[in-house]
Each structure stands twice: as structure tokens, then as C-alpha cells.
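Colleague: The structure's right below; bear with me while I get my questions together.
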Amino acid sequence: MKRRDFLKAAAASTALAGANAMMGGKTASALATKSELDELYNKSIVIDTLSFAHRWDEEENKAIDASGYTGIITSLSRRNLKTALDQLVEWHQRIREQPQRFMMALTAEDFITAKKTGKLAVMMNFQNATMLEGDLDNVDVLYGLGTRCFQLTYNSRNKLGDGSTERTNAGLSDFGIAVVERMNDLGILVDVSHSGRQTSLDAIEFSKKPIAFTHTMCEALRPNHPRAKTDQQFRNLADKGGVAGMAALGYFIGKNPGTDTTIEHYVDHIEHAVNVMGIDHVGVCTDYPIRGLASWATRENWYEPRLKSFKPSYDVQWPAWLPEMDPPQRFRNLLTVLDRRGWKTGDMEKILGQNWLRLFKDVFGA
């Protein structure tokens, strides 16, 4: 019997026992009711480590409320220093105008405060380092305006190292290592989600603090996709205290999202990462807006441009989402599957946000 078919049969007691064995011997409690899972979710710290909005409008505000999110790591424009600074200033203004809804996440404690006050903690992040413009001191400038995370590279090569779709696999440059050291000194989370294999391994090796794959997936389950991470990368990350977020973008998880690939396959990625890294090193994320993709993206404005901007190996597909993971209530839906597979409530809380909170404490301090 195939593993995913086996897990789908986990409601039966004998199959559930087998699923627990594969999950490291977890003891399954009785299947929880929806109200019990809602109660667990409502009290949990929930952090999506790559989310953003096409527009921060009333529709997105309603999605925030429906999501139950405590915080996000967002994605800002990284073309150059000017656009980066403009985006940071824009967020400062948004928080001043809507202090009841948003707060800037500068420390781990800010996520706890956001949970207590019903706000959304937003961590400033860039998905590339091109905005540094080759100047190490610009790391300090971005930090001063609230940046607490950025990726060393996007898909292609920059002055720091090779990206995941680059033809070569050269790893970090001398400048890249210097940037990592400066990020460590200031307290900025090093992210290599889009970085090439050697760049990712180098970042783990040279960073004095744990780093992150904020939004990725398992190469073992999605072979030959440039954005997936290998088991060896996962093990190295965990050995240094890092955390990997499993992205819910449909074509990252598998082929033909919504039909051949479902929320069950998303959980397969989570469980594989847990089996490789341990429960303390895995988190959840989306890599799309809180409102989801279906209510925002059209084939023309989302899918078609990606066919030109990404290499064929990216395997961009339409529709791009998993139906149960697209609505704002996505992580509530996730708990239902985890509970059916016999997960402990404490482990659910860890992947929802506690593991990220621990990492943030290690990088930023309390």
C-alpha cells in the first residue's frame, strides 16, 4: 500500500497506529471535535512565514480576521534600495493609520503581544538582497527601518551567491559571507528559501545564529523542483537550530493542484520534514496572500507572467492552489487532517507558530 493511501485510512484504529509509528511513535488521542480543534487553534500562536497582499484593503482585512493569524513575514519590493526604503516607510505609515490592526514585529515578544491584543504582527522581509546594492552598510539602514528578515538570493545569482534556478552552484561569495555576519550581529533572520543548494549549505555553515527556509518543500516528495530542499539541507538546518516552513503553494506540493494534489499531500510534506528534522524545526506558511489566490489571481495577471519569468523547471501550473489551503481558514483545515493522522495537540501548536517563536528568540532576542 502506498504511504499516502495508508495515511488516508488512518481513521481505522489499526491504520492509525501505523500512521503514528511513521510519525515517530506519537500517541493518538480520540479524534477531536471541530469545537475542540477550534479552541486549540484560537489559543495558538499562528505565524505564516511568507504572506503578503495584492492590496491591503477591506477584503484583506476581513481575510485577516477569518484567518486567526497572529503574524506574518511579509514580502517587500527588493529591486533596489530606494524601492525597499519606500516600502518600509509605507508600512510605517500603514501601522500609524491602523494601530488597532497592525504592529511591526521586531522581536519574538511582539508576536505574543499581537496575540494578546488581537493585532497582526508583520515582520519586514525582502525575498532578495539586491536592494543592498553591493554596500554592506545598507544592511544597517534596512535594520534601522524595521527589517528583520531577508533572503540572500532569489532564484538567480546576485552579488551574494547563486539562486535556486541558476545554472551553476557556486555557493556564497565573500560579500555574501560578510552580509551573513552583519545580519547575525544586528539580529536579522537569514533566509535561503530561494537560494541554490550550496548557497543554502554555506549560509547554514557560516551563520553564527540559526537560519530559516521560510517557504519551501521537500525534494524527496517533489523531485527535480529547484525550490525544494534536500534531506541533507534539512538535517544541516536542524542541527544548527533552524526552522523550515512548508509552503502551501499548490504546484510546489505536487502536480495538478486541487485534483491529483490535495491538502493530504501538503501534510505529507510536513510529516516528511518532521521525520527528517524533528518536530521542533518545522513550521507552516503559504507563499500567497492571506485572502488566498482564487479570490485575487486570474490566469492573465498571475499565471501567464510566471511562464515567462520562471524557468520551465519551476513547473508553474494553473490553478495554483489547493482548495482547502486557499481560504483564510486554511490552517484550521490543516488541524483537521493532522488530528485525523494522530498528531498531538502540542505538536500542532509547535508547527503553527511555537517553533517560529523559538527561532525568533534565538535570532532577535526576547
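The values are calculated or read from the model by the stated rules, or taken from the named source; none is laboratory data. Predicted model, so just to flag it, every value in this text is computed and none were measured. Don't worry about glycine lacking a Cβ; one is built from the backbone with ideal geometry, like all the others, and counts go over all protein chains shown.
Colleague: Of the residues in the stretch 264-300, how many are more than 16 Å from the chain's Cα centre (by Cα), closer than 24 Å to Asp339 by Cβ and β-branched (Val, Ile, Thr)?
Modeller: Adding up the residues that qualify gives 1.
Colleague: Of all helices (runs of 4 or more DSSP H) completely enclosed by the stretch 264-366, which ones contain at least 2 residues that are touching a residue at least 40 places away in the same chain (Cβ under 8 Å) and buried (at least 17 other Cβ atoms within 10 Å of the Cβ)?
Modeller: Working: elements: 304-309, 330-340, 345-349, 355-364.
The helices (runs of 4 or more DSSP H) meeting that bar are 330-340, 345-349, 355-364.
Colleague: Further question on the same structure: Could you list all residues from the stretch 52-101 that are under 21 Å from Asn158 (Cα atoms) and either aliphatic (A, V, I, L, M) or in contact with a His (Cβ under 7 Å, 6 or more places away or on another chain) (or both)?
Modeller: Residues satisfying the conditions are Leu76, Leu81, Ala84, Leu85.
Colleague: Can you confirm whether the stretch 45-54 contains a residue that is crowded, with 18+ Cβ neighbours inside 10 Å and modelled with pLDDT under 85?
Modeller: No.
Colleague: Now for a separate question. Among the residues of the stretch 202-240, which ones are part of a helix (DSSP H, G or I) and either of a type in the set (S, T, N, Q) or within 16 Å of the chain's Cα centre (by Cα) (or both)?
Modeller: Gln232, Gln233, Phe234, Asn236, Leu237, Ala238
Colleague: Just to be sure I understand, how many residues within the stretch 153-201 are over 23 Å from Pro223 (Cα atoms), aliphatic (A, V, I, L, M) and not in a helix (DSSP H, G or I)?
Modeller: Looking only at that region, the number is 5.
Colleague: Condition check: over 24 Å from Asp57 (Cα atoms) and among the polar types (S, T, N, Q). Does Thr117 satisfy that?
Modeller: Judged against the criteria, Thr117 is not a match.
Colleague: Let me ask another. For Asp174, are the conditions met, namely being surrounded by fewer than 17 Cβ atoms within 10 Å (Cβ to Cβ), of a type outside the set (Gly, Ala, Ser) and closer than 26 Å to Ala108 by Cα?
Modeller: no
Colleague: Can you tell me which residue is surrounded by the most Cβ atoms within 10 Å (Cβ to Cβ) among those in the stretch 139-157 that are of a type in the set (S, T, N, Q) and in contact with a helix residue (DSSP H, G or I) (Cβ under 9 Å, 6 or more places away or on another chain)?
Modeller: Top of the filtered list is Thr153.
Colleague: Go through the residues of the stretch 171-180 one by one and say whether even a single one is under 18 Å from the mean Cα position of the chain (by Cα), among the small types (Gly, Ala, Ser) and closer than 28 Å to His269 by Cβ.
Modeller: No, there is no match, as no residue in the stretch 171-180 is under 18 Å from the mean Cα position of the chain (by Cα), among the small types (Gly, Ala, Ser) and closer than 28 Å to His269 by Cβ.
Colleague: Still on this structure: List every residue pair whose Cβ atoms sit under 8 Å apart, with the two residues 6 or more apart in sequence or on different chains, where the first one lies in the stretch 71-96 and is farther than 18 Å from Leu120 by Cα and of a type in the set (A, V, I, L, M) and the second, anywhere, is assigned to a strand (DSSP E or B) and at pLDDT 95 or above.
Modeller: Qualifying pairs under 8 Å: Ala84/Leu76; Ala84/Phe126.
Colleague: So, one more: From the set of residues in the stretch 212-228 that are among the aliphatic types (A, V, I, L, M) and closer than 19 Å to Glu166 by Cα, which is surrounded by the fewest Cβ atoms within 10 Å (Cβ to Cβ)?
Modeller: Checking each candidate, the answer is Ala228.
Colleague: Return yes or no: is Phe150 over 22 Å from the mean Cα position of the chain (by Cα), of a type in the set (Phe, Trp, Tyr) and not in a loop (DSSP other than H, G, I, E, B)?
Modeller: For Phe150, the condition - over 22 Å from the mean Cα position of the chain (by Cα), of a type in the set (Phe, Trp, Tyr) and not in a loop (DSSP other than H, G, I, E, B) - is not met.
Colleague: Find the residue count for the stretch 252-263, including only residues that are over 15 Å from the mean Cα position of the chain (by Cα) and not in a strand (DSSP E or B).
Modeller: So the count comes out to 8.
Colleague: Moving to a separate point now. Tell me the residue from Leu37, Leu50, Leu31 that is touching an Asp or Glu at 6+ places or on another chain (Cβ under 8 Å) and in a helix (DSSP H, G or I), please.
Modeller: Just a single option satisfies the conditions, and that option is Leu37.
Colleague: Turning to a different aspect of this structure: Only one residue in Leu85, Leu106 is over 22 Å from Met325 (Cβ atoms), of a type outside the set (S, T, N, Q) and in a loop (DSSP other than H, G, I, E, B). Which one?
Modeller: It is Leu106.
Colleague: Ok, one more. Looking at the stretch 80-98, which of its residues are buried (at least 16 other Cβ atoms within 10 Å of the Cβ) and not aliphatic (A, V, I, L, M)?
Modeller: Correct list: Gln87, Trp91.
Colleague: May I pose another question? Is there a residue in the stretch 158-167 that is under 27 Å from Leu357 (Cβ atoms), crowded, with 17+ Cβ neighbours inside 10 Å and of a type in the set (A, V, I, L, M, F, W, C)?
Modeller: No, that holds for no residue.
Colleague: Scan the stretch 102-119 for residues that are surrounded by 16 or more Cβ atoms within 10 Å (Cβ to Cβ) and under 21 Å from Ala66 (Cβ atoms) and jot them down.
Modeller: Within the stretch 102-119, Phe102, Met103, Ala105, Phe111, Ala114, Lys115, Lys119 meet the criteria.
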